[in-house]
1. Would you check which residues across the range 137-146 are surrounded by 16 or more Cβ atoms within 10 Å (Cβ to Cβ) and either under 14 Å from residue 111 (Cβ atoms) or among the polar types (S, T, N, Q) (or both) and list them?
2. Considering only the range 148-162, state which residues are assigned to a helix (DSSP H, G or I), free of Cβ contacts under 8 Å to residues at least 40 places away in the same chain and surrounded by fewer than 20 Cβ atoms within 10 Å (Cβ to Cβ).
3. Has the range 106-119 got any residue that is over 22 Å from residue 201 (Cα atoms), crowded, with 20+ Cβ neighbours inside 10 Å and in contact with a His (Cβ under 7 Å, 6 or more places away or on another chain)?
4. For residue 59, which of the numbered conditions (1) open to solvent by less than 40 Å² (accessible area, probe 1.4 Å); (2) closer than 19 Å to residue 116 by Cβ; (3) not aromatic (Phe, Trp, Tyr) fails to hold?
5. Among the residues of the range 185-202, are any at negative phi, in contact (Cβ under 8 Å) with a residue 40 or more places away in the chain, surrounded by 13 or more Cβ atoms within 10 Å (Cβ to Cβ) and touching a His at 6+ places or on another chain (Cβ under 7 Å)?
6. Mind checking which residues of the range 65-96 are touching a Phe, Trp or Tyr at 6+ places or on another chain (Cβ under 7 Å) and within 19 Å of residue 54 (Cα to Cα)?
7. Out of the residues in the range 121-134 meeting the condition of being in contact with a Lys or Arg (Cβ under 7 Å, 6 or more places away or on another chain) and in a helix (DSSP H, G or I), tell me which one is least open to solvent (accessible area, probe 1.4 Å).
Amino acid sequence: QDKEAPAGSDPLAVQELLNHWTPVLRRLRAQHDLFLAGVPAARSGEAGSAGDEAANRALLEQARKFEAAGERLDALEAWGRLIYTSGGDVRRQALMGRVAALSDLGQEFLVEKLLRGLWTHDGDEAVRNDAQAELARRRVREGDAEGLSALYAAAAVRTPSPAFLRAFAEARLAADDPESALTVGLGLPAAERPVHAMLSAAIQLGWWRTF
């Protein structure tokens with residue numbers, strides 16, 4: 001059964017608004033589902049523990065030395081050991097150090113899975129933020145606008161916020177989808193709108209009276 005339009009509203013205007021938003025909402029959900037498909041389940045063994053602080057500091061320095069010397073396999077082993085014996089900031093460095101070592105070894109498929117798993121499951125907000133930033137950086141570096149859009153779609157569905165929706169709108173514009181970019185932008189509070197992206201989208205669409 002169709003929902004009734006709010007009292008005093010123009011039913012045609014309401015329907016037109018729904019027509020604009022429906023494909024955007026479908027895209028958000030579809031890209032969220034696609035992004036999370038194949039994400040590995042949480043691994044409780046990587047939660048970290050309060051090991052010996054002096055030993056962890058020594059292992060951290062050793063991992064950094066291996067990394068600086070280009071000894072990638074040794075660095076990977078050291079970072080991996082540190083993940084299980086440390087917590088907090090040291091563990092965060094170890095997790096991202098492992099990502100860097102695997103990337104240097106050309107294991108990009110594994111890196112992507114690890115980053116998505118950290119972003120989805122890790123209990124440390126700082127780790128989740130690092131993983132998201134690295135996922136975004138890789139997509140920007142590769143010019144992957146659709147991949148960046150999927151990342152921010154997943155973020156917006158999981159944690160609805162103006163920041164994620166603004167980033168999604170900007171990614172949609174980069175992916176040659178100005179209508180979605182403008183629709184999402186107009187749905188945000190005025191202070192949160194990606195104005196430059198919206199202006200570009202309006203010009204592309206010929207919607208001269210939008211602003």
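1. Listed by number, the residues that qualify are 138, 139.
2. Of everything in the range 148-162, just one residue is assigned to a helix (DSSP H, G or I), free of Cβ contacts under 8 Å to residues at least 40 places away in the same chain and surrounded by fewer than 20 Cβ atoms within 10 Å (Cβ to Cβ), namely 162.
3. Checking the range 106-119: not a single residue is over 22 Å from residue 201 (Cα atoms), crowded, with 20+ Cβ neighbours inside 10 Å and in contact with a His (Cβ under 7 Å, 6 or more places away or on another chain).
4. That leaves (2) as the condition not met.
5. Here is the first cut: in the range 185-202, the residues at negative phi are 185-202.
So of that shortlist, the ones also in contact (Cβ under 8 Å) with a residue 40 or more places away in the chain come out as 187.
After this cut, where a residue has to be surrounded by 13 or more Cβ atoms within 10 Å (Cβ to Cβ) as well, the list is 187.
Among the residues that remain, those that are also touching a His at 6+ places or on another chain (Cβ under 7 Å) are: none.
No, the range 185-202 contains no residue that is at negative phi, in contact (Cβ under 8 Å) with a residue 40 or more places away in the chain, surrounded by 13 or more Cβ atoms within 10 Å (Cβ to Cβ) and touching a His at 6+ places or on another chain (Cβ under 7 Å).
6. First pass over the range 65-96, keeping only residues touching a Phe, Trp or Tyr at 6+ places or on another chain (Cβ under 7 Å): 74-75, 78, 94.
Listed by number, the residues that qualify are 75, 78, 94.
7. Applying the first criterion (in contact with a Lys or Arg (Cβ under 7 Å, 6 or more places away or on another chain)) to the range 121-134 yields 122, 124, 126-127, 130.
Adding the requirement that they be in a helix (DSSP H, G or I) leaves 126-127, 130.
Details: 126: 42, 127: 1, 130: 43 Å².
So the residue we want is 127.
Residues checked against (1) aliphatic (A, V, I, L, M); (2) under 25 Å from the mean Cα position of the chain (by Cα):
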| residue | (1), (2) |
| --- | --- |
| 52 | no, no |
| 61 | no, no |
| 66 | no, no |
| 82 | yes, no |
| 99 | yes, yes |
| 108 | no, yes |
| 140 | yes, yes |
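The values are calculated or read from the model by the stated rules, or taken from the named source; none is laboratory data. The model shown is predicted, which means the values in this text are computed figures rather than measured ones. Every residue, glycine as well, gets a Cβ built from its backbone with ideal geometry; the counts of neighbours run over all protein chains shown. Each accessible area value is taken on the protein alone, full model and side chains, heavy atoms only, with ligands, DNA and RNA left out. Shrake-Rupley method; radii C 1.70, N 1.55, O 1.52, S 1.80 Å.
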